[in-house]
2 protein chains.
Amino acid sequence: MGKFYGIGVGPGDSSLITVKATEVLTQMDVIYCPTMFDNKDSLAYEIAKPYIQEDTIVKQHIFRAKDEESNEPFWQATAEEVAKDLDQGLNVGFITLGDPSTYSTYSYILHRLDEAYDVETIAGITSYNQIAATLNQSLALDTEAFCVVPATADEAIINNALEHYDTVVFLKIKNHLNKIFRALDATNRRADGVIISQVSQEKEKIIDDLTEFDISQRLSYFTTMIVSKQKGRY
Amino acid sequence: MGKFYGIGVGPGDSSLITVKATEVLTQMDVIYCPTMFDNKDSLAYEIAKPYIQEDTIVKQHIFRAKDEESNEPFWQATAEEVAKDLDQGLNVGFITLGDPSTYSTYSYILHRLDEAYDVETIAGITSYNQIAATLNQSLALDTEAFCVVPATADEAIINNALEHYDTVVFLKIKNHLNKIFRALDATNRRADGVIISQVSQEKEKIIDDLTEFDISQRLSYFTTMIVSKQKGRY
């Protein structure tokens, strides 16, 4: 029976992957790559490519429904296909952008397999760790706490985070700019914010001053905001 | 003039360092390693050692006062020494456990140098990302938010985190077990918790059931608690 690996490939630059992940990647018989519903090439695959051997089978899979339908059938179908590969004795890697334990589809596949199969998760650099590195700014120091909040969360938790925490990381803000800026203004924290798209990738974009920000502008899907009282201090 | 690098070396296992960090480490003229005040060998150095060249100068430095005195003089003295090395045209790496932007002394050194010198921060795997990987458990999924809270934080923020967030990571709990368990019991979340010491290191220890936990037991300095409603689910 094969072993199932969740492999974090980091935020975008192929060198921001761990030595362990590169070693595991070279040993895989099959690699599953997530793609968007529009079936473009997988960014995770592009990152991992330099470490994947020629005879490894690469399967690109869509893991997300386009609209309001449930994603469950996508996850279930993938888990069943992975199980078949494992039953044949193949070692299967599931690659994931950033870290596999942090908002990753991998968790849903893992959940369907970890009782019957041997699994191992290989951590990766998250987008917001890389953003802090790129900005040479700390996420937190000393006794400070920080929060990571998807922009899809309830407005109550978004406001709680901005009211009580020195640093708040907002993920996937692209389609929720209205909501996030309303909360920033309600808590008077707009000046603490910086927006970063596609960190460590070729198209990396940093918007450092949000005071004149136009919320009608189009941002990449991979856009994060860090709101920090330390902004510009460290 | 040399360049200053903050280099995250990850949680403990030398393979949990990024390819980029290994490349930068091989190119350093001088490497500064943090040690505890008892001047034991630096754990960060042990992790980075396989990637450090023989002719690299390694300087072990104490960055923390033993008792209540200020740490500022330690940081200032180190920053001044780094500046001298940089002025001589040497490339200087400052290695840090985990990630250099997450509760790292590196931030205080960086803060004293980044206006006058060229600096670059190389992200690393945090202890809690590795803990999630080791446990095959997600930190957060979908619309869930999560918090990272040092056990030295105010009790108000510790309680806020436990009341409002599905997942809370408590760092450095060793000397604060009373406070943390009081907050867990007040919010009825003891059953959600798991304690992990020295993750990915030889002496790794996992305490999965906290219901009978004895708070008088001695834990390593590198001990983290993850409290999660997902415990055991993913």
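The values are calculated or read from the model by the stated rules, or taken from the named source; none is laboratory data. This one's a predicted model, so the numbers in the text were calculated from it and none came from an experiment. Cβ placement follows ideal geometry from the backbone for every residue including glycine, while neighbour counts extend to all protein chains displayed.
Looking at region A:156-234, what strands (runs of 3 or more DSSP E) fall wholly within it and have at least 1 residues that are under 30 Å from B:Ile158 (Cα atoms)? Full working, then the answer.
Values: elements: A:167-171, A:193-197, A:205-207, A:223-228.
Correct list: A:167-171, A:193-197, A:223-228.
Report yes if A:Leu16 is hydrophobic (A, V, I, L, M, F, W, C), farther than 25 Å from A:Ser220 by Cβ, buried (at least 23 other Cβ atoms within 10 Å of the Cβ) and within 12 Å of chain B (Cβ to nearest Cβ), otherwise no.
Values: hydrophobic (A, V, I, L, M, F, W, C): yes; farther than 25 Å from A:Ser220 by Cβ: no; buried (at least 23 other Cβ atoms within 10 Å of the Cβ): yes; within 12 Å of chain B (Cβ to nearest Cβ): yes.
So A:Leu16 does not fit the description; no.
Please indicate, with yes or no, whether at least one residue in region B:53-61 is under 14 Å from B:Tyr108 (Cβ atoms) and surrounded by 13 or more Cβ atoms within 10 Å (Cβ to Cβ). It would help to see each step written out before you state the result.
First, pick out the residues of region B:53-61 that are under 14 Å from B:Tyr108 (Cβ atoms): B:61.
Filter again for surrounded by 13 or more Cβ atoms within 10 Å (Cβ to Cβ), leaving B:61.
Yes, there is a match, as at least one residue in region B:53-61 is under 14 Å from B:Tyr108 (Cβ atoms) and surrounded by 13 or more Cβ atoms within 10 Å (Cβ to Cβ).
Pick from B:Tyr165, B:Tyr234: which is at pLDDT below 95 and of a type in the set (Ser, Thr, Tyr)? Lay out the reasoning, then the answer.
Numbers: B:Tyr165 fails: at pLDDT below 95.
Within the list B:Tyr165, B:Tyr234, the selection yields B:Tyr234.
Only one of (1) modelled with pLDDT of 95 or more; (2) touching a strand residue (DSSP E or B) at 6+ places or on another chain (Cβ under 7 Å) fails for B:Glu80. Which number is that?
(2)
Could you check, for region A:37-44, whether at least one of its residues is away from every other protein chain (no Cβ under 12 Å), part of a loop (DSSP other than H, G, I, E, B), touching a Lys or Arg at 6+ places or on another chain (Cβ under 8 Å) and more than 30 Å from A:Phe181 (Cβ to Cβ)? Let's see the steps before the verdict.
Kept after step one, since they are away from every other protein chain (no Cβ under 12 Å), are these residues of region A:37-44: A:37-44.
Subsequent filtering for residues that are part of a loop (DSSP other than H, G, I, E, B) retains A:37-42.
If we keep only those that are touching a Lys or Arg at 6+ places or on another chain (Cβ under 8 Å) as well, we get A:37.
Now restrict to residues that are more than 30 Å from A:Phe181 (Cβ to Cβ): none.
Taking every residue of region A:37-44 in turn, none turns out to be away from every other protein chain (no Cβ under 12 Å), part of a loop (DSSP other than H, G, I, E, B), touching a Lys or Arg at 6+ places or on another chain (Cβ under 8 Å) and more than 30 Å from A:Phe181 (Cβ to Cβ).
Out of all the residues in region B:32-55, is one or more of a type in the set (A, V, I, L, M, F, W, C), under 30 Å from A:Glu120 (Cα atoms) and over 17 Å from the mean Cα position of the chain (by Cα)?
Residues of region B:32-55 that are of a type in the set (A, V, I, L, M, F, W, C), as a first pass: B:33, B:36-37, B:43-44, B:47-48, B:52.
Retained after the next criterion (residues that are under 30 Å from A:Glu120 (Cα atoms)): B:43-44, B:47-48, B:52.
Of the ones still in play, those that are also over 17 Å from the mean Cα position of the chain (by Cα) are B:52.
Among the residues of region B:32-55, at least one is of a type in the set (A, V, I, L, M, F, W, C), under 30 Å from A:Glu120 (Cα atoms) and over 17 Å from the mean Cα position of the chain (by Cα), which makes the answer yes.
Scan region B:163-186 and tell me whether some residue there is closer than 28 Å to A:Ser104 by Cα and away from every other protein chain (no Cβ under 14 Å).
Restricting attention to region B:163-186, the residues satisfying the condition of being closer than 28 Å to A:Ser104 by Cα are B:163-173, B:184.
Still in the running and away from every other protein chain (no Cβ under 14 Å): B:184.
Yes, because at least one residue in region B:163-186 is closer than 28 Å to A:Ser104 by Cα and away from every other protein chain (no Cβ under 14 Å).
Picking from A:Ile206, A:Ile196, which residue would you name as being more than 10 Å from chain B (Cβ to nearest Cβ), surrounded by fewer than 23 Cβ atoms within 10 Å (Cβ to Cβ) and of a type in the set (Val, Ile, Thr)?
Details: A:Ile196 fails: surrounded by fewer than 23 Cβ atoms within 10 Å (Cβ to Cβ).
After ruling out the rest, the residue left standing is A:Ile206.
Within region A:106-145, track down each residue that is of a type in the set (Phe, Trp, Tyr) and crowded, with 24+ Cβ neighbours inside 10 Å. Explain how you work it out, then say what you get.
In the first step, residues of region A:106-145 are kept if they are of a type in the set (Phe, Trp, Tyr); the result is A:106, A:108, A:117, A:128.
Of everything in region A:106-145, those that are of a type in the set (Phe, Trp, Tyr) and crowded, with 24+ Cβ neighbours inside 10 Å turn out to be A:Tyr106, A:Tyr128.
Only one of (1) under 25 Å from B:Gly98 (Cα atoms); (2) touching a strand residue (DSSP E or B) at 6+ places or on another chain (Cβ under 6 Å) fails for A:Lys174. Which number is that?
(1)
Would you mind stating whether B:Thr26 is more than 11 Å from chain A (Cβ to nearest Cβ), touching a His at 6+ places or on another chain (Cβ under 7 Å) and more than 17 Å from B:Ile125 (Cβ to Cβ)? Let's see the steps before the verdict.
Details: more than 11 Å from chain A (Cβ to nearest Cβ): yes; touching a His at 6+ places or on another chain (Cβ under 7 Å): no; more than 17 Å from B:Ile125 (Cβ to Cβ): yes.
Taking the combined requirement at face value, the residue does not satisfy it.
Within region B:106-133, how many residues turn out to be at pLDDT 95 or above and among the acidic types (Asp, Glu)?
2
Only strands (runs of 3 or more DSSP E) wholly contained in region B:56-149 count here; list those with 1 or more residues that are under 15 Å from the mean Cα position of the chain (by Cα) and either within 12 Å of another protein chain (Cβ to nearest Cβ) or of a type outside the set (Gly, Ala, Ser) (or both). Please lay out each step first, then the result.
Working: elements: B:57-62, B:92-96, B:119-122.
Answer list for region B:56-149: B:92-96, B:119-122.
Restricting attention to region A:28-41, report how many residues are surrounded by 16 or more Cβ atoms within 10 Å (Cβ to Cβ) and at pLDDT below 85.
Of region A:28-41, the ones surrounded by 16 or more Cβ atoms within 10 Å (Cβ to Cβ) are A:28-35.
This time we only want the ones that are at pLDDT below 85, so: A:34-35.
So the answer is 2.
Counting only residues that are within 9 Å of chain A (Cβ to nearest Cβ) and out of contact with any helix residue (DSSP H, G or I) (no Cβ under 6 Å at 6 or more places or on another chain), which one in region B:150-162 is nearest to B:Asp192 (Cα to Cα)?
Here the answer is B:Ala161.
Condition (residue is more than 12 Å from every other protein chain (Cβ to nearest Cβ), closer than 26 Å to B:Thr105 by Cα, surrounded by fewer than 18 Cβ atoms within 10 Å (Cβ to Cβ) and more than 18 Å from the chain's Cα centre (by Cα)) applied to region A:217-233: is it met by at least one residue? Please lay out each step first, then the result.
At the first step, the residues of region A:217-233 found to be more than 12 Å from every other protein chain (Cβ to nearest Cβ) are A:217-225, A:227, A:229, A:231.
So of that shortlist, the ones also closer than 26 Å to B:Thr105 by Cα come out as A:224-225, A:227, A:229, A:231.
Of the ones still in play, those that are also surrounded by fewer than 18 Cβ atoms within 10 Å (Cβ to Cβ) are A:229, A:231.
Going one step further and asking which of them are more than 18 Å from the chain's Cα centre (by Cα), we end up with A:229, A:231.
Checked region A:217-233: at least one residue is more than 12 Å from every other protein chain (Cβ to nearest Cβ), closer than 26 Å to B:Thr105 by Cα, surrounded by fewer than 18 Cβ atoms within 10 Å (Cβ to Cβ) and more than 18 Å from the chain's Cα centre (by Cα).
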